[in-house]
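Asker: Next up is a structure, given as C-alpha cells.
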Ligand code: C5P
C-alpha cells in the first residue's frame, strides 16, 4: 500500500509539472494553431467527484455527430453518406464499458479477460488485438479514429478488416471559432473523401464523424477545471472516448489511461516507439485530462495503480 501511494504521489507531481511547463510555454510562445479564444474560468479540479461529472454532463450531455443535414453539408456527398442509424441510440444503455488506451503499459498486463468481460469495448486508431489478446482482449464494439488514421495510406482505413463491421467515430478538429462551412473547406486532414468511400465499400459499418465544435466544448470543460492555462489543442481521443460513453454506460473503465506501475517510456503496446509524451502529453492537454480523470475515479489505489484501470460512473447513476 505504501509503495502504491508513493507511486501515486510521484505520478501526480509529474502530471502537475507537465501542466505547469505547458502553461509556461503558453506565456512565452503564444502558439495557438486553432485560434482558441477562451475567456472563461480557470478553477480547481478539486471539487467533489459527482459535481465534476455533473458539470461535464451539463456542458456536453452527449457527443454530437454530423448528420449530413447541416446547411454546410446539404447537397454534398456527405449528406447521402451518413448512416440513418446513430452511432449510439440516445436510449442505448450498457451496464459496463471498457476504454482501452493505446499505452505501452498494457504490455504484460494480463488485462485482456477483464476488458472482454465488459458489455462494450472501445479502442483507438489502428490499435490491434491480434497477437495481444492476453493484455488487451479481443472484443471491439467501437473504434475512435483520428483524421490521420482515415486519410493516410499507411493505416489502410479502406482496406483493413479492423475498420469493418463495428461502430466507428472519426474526429478531425476545426478552429475554436470555425463554422462547419469553414471546417468543411479546410479540415486538418481530409476526412470527408475517405469517409464517403468507406460508406460505399463497407455499407454495414456504422461510422460517424464527430461534430468538431464539440471537441472545443470538451476542451472548455478541461480548461475551466484546471487552475493553469492548458495547451490550446483538442483533447486526446482517450478523453473524447470518456465523454462519448458516459451518457450510455452505467460505469466506464479506462485501462492504462492513468498509468499504473507498469508505466513505461514506450508509447504504444503494439510498437517499439519510445516517447514519454504519449503518456504525459505534448500535443493534447493530456496531463490536465488525466488529473481530472483521477478526480472522477472510484477505484482504490490497488486497482488503479497495480491492476491498471480507473472507473467513472455513468451519467444515469448520478444525481445532479
Ligand atoms: O496514441 P494514440 O492517440 O493512438 O492513443 C489513443 C489514446 O490512448 C490517446 O488519445 C490517449 O488518450 C491514450 N494513450 C495514453 N498513453 C499512451 C498512449 C495513448 O494515455 N502512452
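Asker: State which residue is nearest to residue 248 (Cα to Cα) when the search covers only the stretch 119-137 and only residues that are in a loop (DSSP other than H, G, I, E, B) and over 18 Å from the mean Cα position of the chain (by Cα).
Answerer: By that ranking, first place goes to 119.
Asker: For residue 277, only one of the following conditions fails: (1) over 18 Å from the mean Cα position of the chain (by Cα); (2) without any contact (Cβ under 8 Å) to a residue 24 or more places away in the chain. What is its number?
Answerer: Against the list (1) over 18 Å from the mean Cα position of the chain (by Cα); (2) without any contact (Cβ under 8 Å) to a residue 24 or more places away in the chain, residue 277 comes up short only on (1).
Asker: Scan (1) within 15 Å of the ligand (Cβ to nearest atom); (2) closer than 27 Å to residue 183 by Cβ; (3) in contact (Cβ under 8 Å) with a residue 60 or more places away in the chain; (4) not in a loop (DSSP other than H, G, I, E, B) for the single condition residue 290 breaks and write down its number.
Answerer: (2)
Asker: Okay, moving on. Which residues, taken from the stretch 105-118, are part of a loop (DSSP other than H, G, I, E, B) and more than 16 Å from the ligand (Cβ to nearest atom)?
Answerer: Hits for the stretch 105-118 are 110, 117, 118.
Asker: To continue, here is another question. Residue 299 fails exactly one of the following numbered conditions: (1) surrounded by fewer than 21 Cβ atoms within 10 Å (Cβ to Cβ); (2) within 18 Å of the chain's Cα centre (by Cα); (3) more than 9 Å from the ligand (Cβ to nearest atom). What is the number of that condition?
Answerer: Exception for residue 299: condition (2).
Table: residues versus (1) under 19 Å from residue 256 (Cα atoms); (2) in contact (Cβ under 8 Å) with a residue 24 or more places away in the chain; (3) in contact with a helix residue (DSSP H, G or I) (Cβ under 9 Å, 6 or more places away or on another chain); (4) surrounded by 15 or more Cβ atoms within 10 Å (Cβ to Cβ).
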position: 112; (1), (2), (3), (4): yes, yes, yes, yes
position: 115; (1), (2), (3), (4): yes, yes, yes, yes
position: 135; (1), (2), (3), (4): yes, yes, yes, yes
position: 139; (1), (2), (3), (4): yes, yes, yes, yes
position: 146; (1), (2), (3), (4): no, yes, yes, yes
position: 149; (1), (2), (3), (4): no, yes, yes, yes
position: 153; (1), (2), (3), (4): no, no, no, no
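Asker: Restricting to the stretch 238-252, and then to whatever is touching a helix residue (DSSP H, G or I) at 6+ places or on another chain (Cβ under 8 Å) and not in a loop (DSSP other than H, G, I, E, B), can you tell me which residue is nearest to the ligand (Cβ to nearest atom)?
Answerer: So, considering only residues that are touching a helix residue (DSSP H, G or I) at 6+ places or on another chain (Cβ under 8 Å) and not in a loop (DSSP other than H, G, I, E, B), the one nearest to the ligand (Cβ to nearest atom) is 238.
Asker: Which members of the stretch 58-71 meet the condition of being touching a helix residue (DSSP H, G or I) at 6+ places or on another chain (Cβ under 6 Å) and buried (at least 16 other Cβ atoms within 10 Å of the Cβ)?
Answerer: 60, 63, 68, 70
Asker: If a residue has to be assigned to a helix (DSSP H, G or I), within 21 Å of residue 220 (Cα to Cα) and either modelled with pLDDT under 95 or within 10 Å of the ligand (Cβ to nearest atom) (or both) to count, how many in the stretch 275-287 make the cut?
Answerer: Qualifying residue count for the region: 2.
Asker: Moving on. Among the strands (runs of 3 or more DSSP E) confined wholly to the stretch 141-229, which include 2 or more residues that are within 16 Å of the ligand (Cβ to nearest atom)?
Answerer: Qualifying strands (runs of 3 or more DSSP E): 142-146, 167-171.
Asker: So residue 128 passes all but one of these: (1) within 16 Å of the ligand (Cβ to nearest atom); (2) closer than 23 Å to residue 204 by Cα; (3) in contact with a strand residue (DSSP E or B) (Cβ under 9 Å, 6 or more places away or on another chain). Which condition number does it fail?
Answerer: If we test residue 128 against (1) within 16 Å of the ligand (Cβ to nearest atom); (2) closer than 23 Å to residue 204 by Cα; (3) in contact with a strand residue (DSSP E or B) (Cβ under 9 Å, 6 or more places away or on another chain), just (3) comes out false.
Asker: Answer yes or no: is there a residue in the stretch 264-274 that is over 15 Å from residue 106 (Cβ atoms), at pLDDT 95 or above, within 14 Å of the ligand (Cβ to nearest atom) and buried (at least 22 other Cβ atoms within 10 Å of the Cβ).
Answerer: No, the stretch 264-274 contains no residue that is over 15 Å from residue 106 (Cβ atoms), at pLDDT 95 or above, within 14 Å of the ligand (Cβ to nearest atom) and buried (at least 22 other Cβ atoms within 10 Å of the Cβ).
Asker: In addition: Within the set of pairs 6+ apart or on separate chains, which have a first residue in the stretch 4-25 that is farther than 19 Å from residue 223 by Cα, a second that is outside any helix (DSSP H, G or I), and C-beta atoms under 8 Å apart?
Answerer: Close Cβ pairs satisfying both conditions: 4/261; 7/261; 11/258; 11/259; 11/263.
Asker: Another question, then. For the stretch 302-313, give me each residue that is outside any helix (DSSP H, G or I) and either surrounded by fewer than 20 Cβ atoms within 10 Å (Cβ to Cβ) or within 11 Å of the ligand (Cβ to nearest atom) (or both).
Answerer: 311, 313
Asker: Restricting attention to the stretch 80-104, report how many residues are surrounded by 15 or more Cβ atoms within 10 Å (Cβ to Cβ) and in a helix (DSSP H, G or I).
Answerer: 2
Asker: Another one. Hey, residue 5 hits all of (1) closer than 23 Å to residue 251 by Cβ; (2) over 23 Å from the mean Cα position of the chain (by Cα) but one; which does it fall short on?
Answerer: Among (1) closer than 23 Å to residue 251 by Cβ; (2) over 23 Å from the mean Cα position of the chain (by Cα), the lone unmet condition for residue 5 is (1).
The values are calculated or read from the model by the stated rules, or taken from the named source; none is laboratory data. Everything numeric here is computed off the predicted structure, so don't read it as measured data. When we count neighbours, we look across all protein chains shown, and the Cβ atoms used for this are built from the backbone with ideal geometry, even at glycine.
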